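I have placed the structure first, in the form of structure tokens, so that the comments after it can refer back to it.
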């Protein structure tokens, strides 16, 4: 990420910026996890200089794929939360933890 990009799209914290620089983060894509109209969290993916890929940014096809995956992940989380007897309005921190675990598994 260039210094110009860092100014246009600042990191949420200094530690986040330092971590991004360490791995050579070049692009981030976040897809919302919606189930029955409720936002459960976000599926976050990133590209960095840690791989041999030449593309620095996500393509439209990447965005579409991540959105499709996010839709399925949201349904799975909603089903799990509902099976426990709690609707999507009550997912709260547990729903967010589940989203984080799923996101880590996809990377």
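The values are calculated or read from the model by the stated rules, or taken from the named source; none is laboratory data. From a predicted model like this one, the values you see are computed outputs, not experimental measurements. Glycine also receives a Cβ, built like all others from the backbone with ideal geometry; neighbour counts cover every protein chain displayed.
List of remarks:
- Cβ-Cβ under 6 Å pairs, at least 6 apart or on other chains, the range 7-21 side on the phi > 0 side of the Ramachandran plot and in contact (Cβ under 8 Å) with a residue 60 or more places away in the chain, far side assigned to a helix (DSSP H, G or I) and surrounded by fewer than 10 Cβ atoms within 10 Å (Cβ to Cβ): none
- For residue 103, the test of being modelled with pLDDT of 90 or more and in a helix (DSSP H, G or I) is failed.
- In a residue-by-residue description of the range 3-25, the property of being in contact with a strand residue (DSSP E or B) (Cβ under 9 Å, 6 or more places away or on another chain) and modelled with pLDDT of 90 or more applies to no position.
- In the range 33-43 there is no residue matching the filter, namely being more than 25 Å from residue 79 (Cβ to Cβ) and in contact with a helix residue (DSSP H, G or I) (Cβ under 9 Å, 6 or more places away or on another chain).
- Considering only residues in the range 56-86 that are in a loop (DSSP other than H, G, I, E, B) and in contact with a strand residue (DSSP E or B) (Cβ under 7 Å, 6 or more places away or on another chain), the one that is farthest from residue 23 (Cα to Cα) turns out to be 58.
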